[in-house]
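All of the numbers you see were taken from the coordinates with simple rules; none came from a lab. These numbers come from a predicted model, not from an experiment. Cβ placement follows ideal geometry from the backbone for every residue including glycine, while neighbour counts extend to all protein chains displayed.
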Amino acid sequence: MKNYEVFELVAICDLVEDKALHLSRLYYEKAGKKPEIATGASQLFKREDIDAVAIATSTDAHYPLTMEALESGKHVLLEKPMALSTKHMDDMIELSRRKNLKLAISFQNRFNPPVQELRKKIEGGDFGRIFYGVASIRWNRNEDYYKQAEWRGKWRSDGGVLMNQSTHNIDLLQWMLGGEVEEVYGHLENFNHPYIEVEDFGAAIIKFKNGAVGILEGTSVVYPRNLEETLSIFGEKGTVKLGGLAVNRIETWRFENEDSHPFMELPDPDTVYGFGHIPLYKDFYEAIDQDRDPAIPGEEGRKAVDIVLAIYKSYLTKKPVKFPFDFSAWEMEGKESW
């Protein structure tokens with residue numbers, strides 16, 4: 001409940017009215033204003049007193065709701081993953097640009113202080129040549145998690161551990177390694193979740209146009225609970241490993257005449273979501289106010305999804321997938337070998 005000094009929260013929409021009521025009360029306690037509640041988004045999109053919307057729904061609803069909001073003249077802050085189809089992401093970006101509206105994607109971990117410190121070293125050339133990076137997401141998701149929401153664990157509405165749980169770290173990996181992918185070779189398994197359609201393990205080799213290589217490992221089968229999420233970058237003159245509950249702590253920091261960093265002692269946040277949403281939303285406001293791109297516009301926010309979709313396609317074809325390409329998660333339906 002931050003940023004209420006720059007945003008006026010007019011309304012909260014949820015299909016479950018009690019959830020919207022609960023959030024409205026919480027906001028009132030913090031900001032002294034009680035937002036209206038609604039159970040349908042379309043009525044809100046038509047209102048002239050609403051300039052921007054934040055969409056945090058099941059993934060399959062991201063595309064239709066974003067398109068409707070943009071058509072109605074609203075700026076959009078969209079939760080990850082952006083969509084489940086390369087074409088849908090193309091459409092969203094094209095419409096936002098044509099209507100001169102902001103489309104920002106919620107990769108809040110980019111705003112973590114340790115991530116910002118790593119980014120400064122990369123932009124400053126301190127690594128020299130960057131050789132490769134490794135993103136590891138070693139988590140646990142049990143059957144109760146999937147029972148909480150009917151849309152989870154399905155190709156058409158969610159995707160698997162790579163799409164749902166791993167895109168934050170995939171985004172950081174591609175951002176640090178140059179952002180321009182040449183090809184992806186991936187493999188998937190469903191080791192221990194027979195009640196879902198999708199993968200609970202994925203691995204990939206990601207080749208970037210600048211010669212760097214990304215290694216990705218994402219899983220939800222770690223016993224008995226979440227183990228870690230880490231990002232490691234290896235270069236000619238530097239080695240950095242970020243970890244903690246939400247990639248929020250520096251674990252290794254090695255450069256010439258540097259072998260430690262104050263952020264090695266940072267505490268973990270309360271949840272895996274971290275603290276990055278506060279600066280993310282502030283940036284979204286400033287992008288609208290200053291008529292500039294948000295820190296993570298659609299073109300940038302799609303890159304992690306493109307990598308996951310390439311892994312899915314690579315799994316089906318048993319070949320590396322060269323960029324650019326077209327694919328959608330629902331093309332996986334009924335084609336798994338598990």
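Details
- For region 1-156, a simple Cβ point-charge model (Lys and Arg +1, Asp and Glu -1, everything else neutral) yields a dipole of about 540 debye relative to the Cα centre.
- Cα convex hull, region 280-320: 58 Å³ per residue, rounded to a whole number.
- When +1 charges are put on Lys and Arg Cβ atoms and -1 charges on Asp and Glu Cβ atoms, the dipole computed for region 235-320 relative to its Cα centre reaches about 700 debye.
- The value given for the chain is a Kirkwood hydrodynamic radius of 20.8 Å, derived from the mean inverse Cα-Cα separation.
- Sparsely packed loop sites in region 216-322 (the GluC sites (Glu not before Pro) outside DSSP H, G, I, E and B with at most 12 other Cβ atoms within 10 Å) comprise Glu236, Glu256.
- Dipole magnitude of the chain about its Cα centre (Cβ charges: Lys, Arg +1; Asp, Glu -1), debye to nearest 20: 320
- Three-way shape label, region 5-75, alpha-carbon gyration tensor, a/c 1.5: oblate
- Amide H contacts of Val53: His75, Val76, Leu77, each under 5 Å away and 5 or more positions distant or on a separate chain (H built 1.01 Å from N in the peptide plane; Pro and chain starts excluded).
- Full-extension gain in nm, Met67 to Gln116, via 0.36 nm per residue minus C-alpha separation: 14.5 nm
- Highest to lowest packing among 111-119, 320-328, scored as the average C-beta count within 10 Å: 111-119, 320-328
- Leading residue at positive end of dipole, region 183-224 (Cβ point charges), from Pro194, Val184, Phe208: Phe208
- Summing Lys and Arg as +1 and Asp and Glu as -1 over all other residues whose Cβ lies under 11 Å from the Cβ of Pro194 gives a net charge of -3.
- Among the trypsin sites (Lys or Arg not before Pro) in region 22-81, those located in a DSSP loop and surrounded by at most 12 other Cβ atoms within 10 Å of their own Cβ are Lys33, Lys46.
- Cβ crowding within 10 Å ranks Trp155, Trp330 as Trp330, Trp155, fewest other Cβ atoms first.
- Of all DSSP-defined beta bridges confined to the chain, some 70% are antiparallel rather than parallel.
- Build a GNM of the chain with springs between Cα atoms under 10 Å apart, and of His22, His277, His187 the one that fluctuates most is His22.
- Mean residue ellipticity (222 nm) of the chain, computed from DSSP H runs ≥ 4 via -39,500 (n - 2.57), nearest 500: -9000 deg cm²/dmol
- Summary value for the chain: 20 percent relative contact order, contacts being C-alpha pairs under 8 angstrom separated by 6+ residues.
- Taking Val16, Val272, Val76 in turn, the Gaussian network model of the chain (Cα-Cα springs below 10 Å) assigns the largest fluctuation to Val16.
- Quick note on region 245-328: its Rg to Rh ratio, both from C-alpha atoms and Rh being the Kirkwood radius, is 1.11.
- Total formal charge among the other residues, if their Cβ is under 14 angstrom from that of Ser136, Lys/Arg +1 and Asp/Glu -1: -2
- Computing Rg and the Kirkwood Rh from the Cα coordinates of region 223-268 gives a ratio, Rg/Rh, of 1.05.
- Candidates Asp270, Asp158, Asp51, ranked by Gaussian network fluctuation over the chain, Cα under 10 Å, top entry: Asp270
- For Tyr185, net neighbour charge (Lys/Arg +1, Asp/Glu -1) across residues whose Cβ lies under 9 Å away: +1
- Across Lys2/Lys33; Lys209/Lys322; Lys33/Lys102; Lys2/Lys80; Lys30/Lys102, pairs whose alpha-carbon gap is larger than 22 Å: Lys33/Lys102; Lys30/Lys102
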